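See structure below.
The values are calculated or read from the model by the stated rules, or taken from the named source; none is laboratory data. Just so you know, these numbers come straight off a predicted model, no measurement behind them. Heads up, the Cβs are rebuilt from the backbone with ideal geometry, glycines too, and the neighbour counts pull from every protein chain shown.
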Amino acid sequence: MWRLSCAILLLTACTSPTLSSSDLAAPDLGGDGPMITTPTAVIVATPDLVGFPTRLDGSSSTGGNGTFLWHFVSVPPGSAISDASLSSTSGATPSFDPDLGGDYTIQLTVFGSEGAQGQTTADVRVRTLPVFYREGVFPTSGEASFAIGVVRSDGTGAHRISCAVQSAGPGDLGGDDLYDLLEVPGLLSLRIDDRPGVPSRVAYEDVTATVTASTRTLGHSLWIADENSDCASHPPVRLDDGAHPDQSQLGPRFSTDGARVGWVDFGANGRLITAATDGTQRRVVRTSAKLSGTPPFWLDATHLAWVEDVSATATPHLVFQSAADTAGAGDSAAKMLLDCAPGADNLAVVNQFERLAGGALLVAGGTQSTTKGGSISLYEMGATCSTGAAQTLITPGAAGDAWDFEVAPDGVTVALSSSVVQVAAPAPQHDIYLAYTDGRPPVLFSGSDALLDDVGPRFIAGGRQLTWTQAARPDDAGATRGAGVQVANLNGSHLRSLRPESSSAQGRTALVGGSNRGFACDYGDGAPVPFCALVFVIALFAWRRRSAG
């Protein structure tokens with residue numbers, strides 16, 4: 001037995017020929033040769049939003065020799081994506097940057113031995129997000145009209161989702177009437193709720209005009225629409241009760257769970273009001289003629305905070321207070337968050353605020369109005385209202401403003417629109433900055449051209465992208481060159497215009513992004529309307545009325 005084993009070992013070690021991979025592939029059964037294994041192609045796709053790469057992975061394929069071939073079978077209509085758009089057509093894990101949302105059909109061929117091939121296709125759906133804006137159309141003749149519009153984040157599908165409101169009244173004849181400019185509906189009141197899993201919604205103010213005996217009366221109302229709304233089959237829902245149509249329905253804010261909206265009925269009969277998003281279950285939380293035009297802020301799903309001037313004199317004494325979302329809670333059970341008693345460096349003007357996760361308040365405000373030489377800065381405030389003790393995130397300079405801000409989901413990055421002093425500009429123009437609550441200095445994100453106004457910053461895509469609008473004065477030929485609704489990744493890449501402003505022989509279209517700011521950024525002495533509203537509206541729209549005439 002031992003001699004037989006040795007013979008077998010010697011035969012194996014000394015006389016066995018070298019075997020090729022084809023010899024080992026399958027036993028020779030005396031037929032047509034060895035059996036060829038057909039590779040199995042497998043595509044694992046990780047699509048993202050337009051603006052970010054979609055990643056493809058074929059490494060789970062089996063039976064191949066490591067050679068791949070990727071090919072686009074079809075792309076969304078209008079897309080310029082081709083095989084050349086792939087980072088590699090032969091690698092195991094290529095990627096591509098989609099230019100449009102929709103379905104991309106990808107084919108993968110995996111090659112094996114003896115020319116064997118395995119092939120499969122996969123439909124890869126790339127998503128987009130809705131971006132809201134306010135549209136003003138100024139025809140060469142006739143009434144101007146305003147509406148809320150939406151466009152997808154790839155620049156497709158732009159359309160109106162609200163009923164159009166038309167300008168009306170004696171001032172239209174001259175084109176420079178102040179009330180025509182102020183009548184841009186809801187310019188200061190536009191708020192978006194885009195929680196995952198439900199259609200994105202926007203709360204906004206409309207302003208209509210009634211003319212009787214050459215006297216115009218403005219009527220204010222607050223509405224909510226979603227990305228699928230239209231004026232006919234799925235119209236917006238009214239939120240306010242219509243009790244004070246002469247007062248602005250200002251600063252709508254969605255609760256943290258998206259179930260309710262809170263806003264300020266701003267005027268002599270001031271009220272802090274909340275309502276369900278279908279317009280029902282309306283509650284008056286606080287009644288006071290001293291309510292500030294600063295938008296409220298929801299602390300959670302059932303409590304909200306607001307700013308109020310409790311001074312009995314002309315010297316402001318602002319207080320930040322909070323209460324439960326119940327009728328009359330702000331009148332009887334308000335809780336003090338921050339007391340800005342009159343002082344040399346205490347806040348006297350607050351345009352907007354939010355509470356950060358650690359409890360500090362992020363405040364756009366100042367010690368005096370810009371009409372008196374002050375400026376609106378962005379502060380992070382702790383237990384005191386002192387601007388000297390606060391961390392200053394950004395200061396625009398004398399008589400400038402740093403307002404219209406939004407905090408990213410990371411709680412650290414803040415996007416804001418801030419004016420800079422530029423000699424060539426007809427008025428201080430606004431640029432988009434990124435400021436940080438961790439002590440980093442602010443950086444310019446978009447702007448610097450003296451004739452461009454960048455406003456309305458808003459984070460989308462979980463804070464990975466920023467949208468805003470850019471307006472510009474028409475050039476000498478009357479053409480508007482503003483980029484309109486814009487989007488870019490937070491690192492500055494993939495900047496693109498989703499819907500530019502337009503000019504034609506028929507008229508001009510102006511666009512303003514969803515705003516975060518309030519109505520309290522500045523008051524001129526004895527002025528019937530806040531100074532910030534006049535400056536901003538005039539800067540964006542006055543030239544269109546003049547050039548159209």
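Would you say residue 257 is charged (D, E, K, R), under 26 Å from residue 455 (Cα atoms) and in contact (Cβ under 8 Å) with a residue 40 or more places away in the chain? Spelling it out, it is not the case that residue 257 is charged (D, E, K, R), under 26 Å from residue 455 (Cα atoms) and in contact (Cβ under 8 Å) with a residue 40 or more places away in the chain.
Residues are listed down the side, and each one gets a yes or a no for (1) over 22 Å from residue 415 (Cβ atoms); (2) touching a strand residue (DSSP E or B) at 6+ places or on another chain (Cβ under 8 Å); (3) outside the structural domain of residue 272 (by TED's automatic domain parsing):
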| site | (1), (2), (3) |
| --- | --- |
| 321 | yes, yes, no |
| 335 | yes, yes, no |
| 350 | no, yes, no |
| 354 | no, yes, no |
| 357 | no, no, no |
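From the list 280, 302, the one residue that fits, being within 27 Å of residue 206 (Cα to Cα), assigned by TED's automatic domain parsing to the domain that holds residue 197, at pLDDT 95 or above and out of contact with any strand residue (DSSP E or B) (no Cβ under 9 Å at 6 or more places or on another chain), is 280.
Among all positions in the stretch 240-260, there is no residue which is crowded, with 19+ Cβ neighbours inside 10 Å, modelled with pLDDT of 95 or more and among the aliphatic types (A, V, I, L, M). Considering the stretch 165-203, the residues that are within 20 Å of residue 242 (Cβ to Cβ) and of a type in the set (Gly, Ala, Ser) include one that is modelled with the highest pLDDT, namely 203.
Candidates 364, 357: the one that is modelled with pLDDT under 95 and more than 19 Å from residue 292 (Cα to Cα) is 357. The residues listed here are 302, 277; of these, the one that is touching a Phe, Trp or Tyr at 6+ places or on another chain (Cβ under 9 Å) and farther than 27 Å from residue 349 by Cβ is 277. For the stretch 235-262, the tally of residues that are within 17 Å of residue 278 (Cα to Cα) and either within 22 Å of the chain's Cα centre (by Cα) or among the hydrophobic types (A, V, I, L, M, F, W, C) (or both) stands at 15. Scanning the stretch 388-396 finds no residues that are on the phi > 0 side of the Ramachandran plot, in the same structural domain as residue 191 (by TED's automatic domain parsing) and either surrounded by fewer than 24 Cβ atoms within 10 Å (Cβ to Cβ) or of a type in the set (Phe, Trp, Tyr) (or both).
Yes or no: residue 206 assigned by TED's automatic domain parsing to the domain that holds residue 251, modelled with pLDDT of 95 or more and under 25 Å from residue 265 (Cα atoms)? Answer is no for this residue. Screening residue 371 on (1) modelled with pLDDT under 95; (2) assigned to a strand (DSSP E or B); (3) touching an Asp or Glu at 6+ places or on another chain (Cβ under 8 Å) shows it passes everything except condition (2). Among the residues making up the stretch 418-467, a single one is at pLDDT 85 or above, assigned to a loop (DSSP other than H, G, I, E, B) and at positive phi: 439. Determine if the stretch 209-228 includes at least one residue that is in a strand (DSSP E or B), surrounded by fewer than 20 Cβ atoms within 10 Å (Cβ to Cβ) and modelled with pLDDT of 95 or more. Yes, that holds for at least one residue.
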